[in-house]
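A quick write-up on the structure given underneath.
The values are calculated or read from the model by the stated rules, or taken from the named source; none is laboratory data. Everything quoted here is computed from the prediction, not taken from an experiment. Using ideal geometry, Cβ is built from the backbone for each residue, glycine included, and neighbour counts are taken over all protein chains shown. Surface areas here come from the heavy atoms of the whole protein model, side chains and all, with no ligands, DNA or RNA. Shrake-Rupley method; radii C 1.70, N 1.55, O 1.52, S 1.80 Å.
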Amino acid sequence: MEMFSMSLHNAGEANLVTSGLVLYFGDMLACTISKVCRLLIPPELVSIRYGIKRSEIGIVIQGVLLGLLIFSAVFKFLIYLWEYFWGANNSESRERKEIWRSLIFLTSLGFIMIAVAPSWMMIVLDFDVHPVLWIFQFIFSEPFKRLSLCIYWLVLIYASVLRFYNISKNSKIERILLRKYYHLLAVLMFLPALIYQPKFLDLAFGAALAVFLVLEIIRVWRIWPLGQLVHQFMSAFTDHRDSDLIIVSHFSLLLGCALPIWMSSGFNDRPLTPFSGILSLGIGDTMASMVGHKYGVLRWSKTGKKTIEGTAAGITSVLAACSVLLPLLASTGYFLTQHWFPIFIAVTTSGLLEAYTTQLDNAFIPLVFYCLLCL
């Protein structure tokens, strides 16, 4: 938490992050306490029950995040013990010490994610099978579609990461524009999956968030052999909102796309709400930045960099995307109850907010757009 607070630059960002963490992990604690009470106290003496109906995907994601939270604390404690008892021996080479740190990292991560976190899910949340087995069953329930989607994602990630990193080292293109290419990548990756495989995308977002967290731990602790490589790669795409300690931009982009989808789960009368993050970040924010950077002349303020031309391009591009997306969604079985006027108001308001906000717009704009589309 201290690391995250150092990476957040104002009260709005800190409030958003801390509120989310408290609610999410507080729910885990409440579930655990409720289960312990039911196991230790006779049912007739317990007058209050805690719990909500959770999807299997939601349980798996929550368990994985809890496991990573436990792992980060356990790993830090194990490293402290290792350095206290064996670190004083300077006869070992630096490379050998790095290998030992890596072994401690992999062993503790594997044990917690394979044994501890699944045990919590199965005992506290009454999950029927081991989560790893359930994930394989879920993927192979529709093997062709889901494995094809995984291959499509891997090809896109490999090609884009390799290409963009080389560009970042050898090109004079501004970093802000390079970052927007990842917004376009998010559209290419998430839009087809959200239309045709929304449940699998829910699970994939959880897996991606877990991978990002593990990579960030590897980068911060410089875990051999990937720590320095990950740090060099991530540093090539940072901006003023990232600190030397914690890089939050990739988390905000992922969560900005994922949160509207997770919050829309089970609702079919507002078909555009799951697309709030993809539309506002992948299309609107990207077009606003590119058009504003290349053609922008009229600035919203004397001190800011946002231009009226960029904002107009962002709003227009999102409206154009909605005009294409709505008929496509209607053909897949969604009920279209939203009219164009409230959609126009939602798109315009979120576009103007993006032009003026000093907050972490990757996190704020999708949530605001989502709320406006729900009205």
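Observations on the structure shown:
- Matching residues, the range 345-375, being within 22 Å of the chain's Cα centre (by Cα) and not in a helix (DSSP H, G or I): THR357, THR358, GLN359, LEU360
- Test: residue in the range 229-244 that is at pLDDT 85 or above and open to solvent by less than 30 Å² (accessible area, probe 1.4 Å): yes
- Test for ILE278: is it crowded, with 19+ Cβ neighbours inside 10 Å, touching a Cys at 6+ places or on another chain (Cβ under 6 Å) and either touching a residue at least 12 places away in the same chain (Cβ under 8 Å) or assigned by the TED database to the domain that holds PRO198 (or both): yes
- Residue within the range 212-220 that is more than 30 Å from TRP100 (Cα to Cα) and of a type in the set (Lys, Arg) present: no
- In a residue-by-residue description of the range 299-310, the property of being touching a Leu at 6+ places or on another chain (Cβ under 9 Å), of a type in the set (S, T, N, Q), without any contact (Cβ under 8 Å) to a residue 24 or more places away in the chain and not in a loop (DSSP other than H, G, I, E, B) applies to at least one position.
- In the range 149-166, the residue that is modelled with the lowest pLDDT out of those that are more than 24 Å from VAL132 (Cα to Cα) and surrounded by 15 or more Cβ atoms within 10 Å (Cβ to Cβ) is TYR165.
- If you go through the range 302-324 and pick out every residue that is open to solvent by less than 50 Å² (accessible area, probe 1.4 Å) and modelled with pLDDT under 90, you end up with 2.
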